[in-house]
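Right, one structure below, let's go through it.
The values are calculated or read from the model by the stated rules, or taken from the named source; none is laboratory data. These figures come from a predicted structure and were not determined experimentally. All Cβ positions, even for glycine, are placed from backbone atoms using ideal geometry, and neighbour counts span all protein chains on display. What goes into the accessible areas is simple: the full protein's heavy atoms, side chains included, and nothing from ligands, DNA or RNA. Shrake-Rupley method; radii C 1.70, N 1.55, O 1.52, S 1.80 Å.
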Amino acid sequence: MSRLGSYFIFLGTLFRNREKLRVYLSLILNECTSIGVGSVFIVALVNSFIGAVTCVQTAYNLTNPFVPKSIISLIVRDSSILELAPTLTCIVLAGKVGSNIASELGTMRITEQIDALEVMGINSSSYLVLPKVIAAMLMVPLLVIMAAFLSILGGYIAGVLSGVVTQEEYISGLRLDYKPFGVTFALIKTVVFAFLVSTISAYQGYNVQGGALEVGNASTAAVTNSCIAIVAADFILTQVLLT
């Protein structure tokens, strides 16, 4: 509970004594490049294969001849949009982006760069962390949109090439009982996940005490805690928004 309280106090410091907006613009753009552009390849690769595997495994378990094969693409569509794309993408980013944020801030802490900012009268938590949080909340939803599209496309390519479903059946299933709120739900989850990953990772790195070993431990704790927070928030948001 003390660490949870310390985390909320840390969040409060992000919005006190902020610098002028123009100071943050270049910082946010740099973080957008690091978080967004730097993660495109791994997100695209993982989700393309996840969509392909989902399609093939669904077809393998579809043994009832009275069930139309268009159900395969419906399952790929809904699982990708509602769960796989937002949750799996954010867990991958927790390992890539979260560990990077924690190690970067942890290194700045043990090399006394953060202390130097404080001596100059700059709110170091706001100056260093707030651009990362804003950039994550801007870029991660874009990555998830790309991930959902590539997951569905990966299912289409795998299904057609393996012969488990035809092009017409797959496209027909994509259009069957489509609910637009699914996309809205996925984006809401993504924004929450991005906030949790960026702030938890920043909290772990910002409060490092010790040396290089502690920086590594903080990076590990950032990934672990972010993944736990993602799955817990996923359950809560699903209960609130879909029931």
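With the convex hull drawn over the C-alpha atoms of the range 123-243, the volume per residue is 142 Å³. Within a straight-line Cα-Cα reach of under 19 Å, K96 can be paired with the following aspartates and glutamates, leaving aside sequence neighbours fewer than 8 residues apart in one chain: E31, E104, E214. Here is the list for the range 5-36: trypsin sites (Lys or Arg not before Pro) lying in DSSP coil, each with at most 15 other C-beta atoms within 10 angstrom of its C-beta, are R16, R18, K20.
Using Cα-Cα distances under 8 Å and only pairs 6 or more residues apart, what relative contact order does the chain have, in percent?
35
Taking the chain as a Gaussian network of alpha-carbon nodes connected by springs under 10 Å, the highest mean-square fluctuation of the residues G154, G38, G205 belongs to G38. Scanning the chain for long hydrophobic helices, with DSSP H runs required to stretch 24 angstrom or more by C-alpha along their axis and to average at least 0.5 on the Kyte-Doolittle scale, returns 40-61, 124-162, 181-206, 212-241.
Shape of the range 152-220 from the C-alpha gyration tensor: oblate (a/c of 1.5 or more and a/b not above b/c, with a ≥ b ≥ c the square roots of its eigenvalues).
In a fully extended conformation the segment linking L142 and N17 would gain 42.0 nm over its present Cα-Cα distance, using 0.36 nm per residue. Over the chain, dividing the summed -39,500 (n - 2.57) contributions of all DSSP H runs of at least 4 residues by the number of residues returns a 222 nm mean residue ellipticity of -26000 deg cm²/dmol.
Ignoring lysines fewer than eight residues from K20 along the same chain, the ones with Cα atoms less than 25 angstrom from its Cα are K132.
Approximating the spin labels as points 7 Å out from Cα along Cα→Cβ, the Q167-to-K179 distance works out to 3.1 nm.
The residues of the range 77-232 have, on average, 43 Å² of accessible surface per residue, using a 1.4 Å probe with all protein chains present. When the chain is treated as a Gaussian network with alpha carbon springs shorter than 10 Å, the biggest mean-square fluctuation among S124, S151, S103 belongs to S124.
Give me the percent of accessible area attributable to carbon and sulfur for the chain, probe 1.4 angstrom. Don't jump to the answer; show the numbers that get you there.
On the way: 8460 of 12420 Å².
The value for the chain is 68 percent carbon and sulfur by accessible area.
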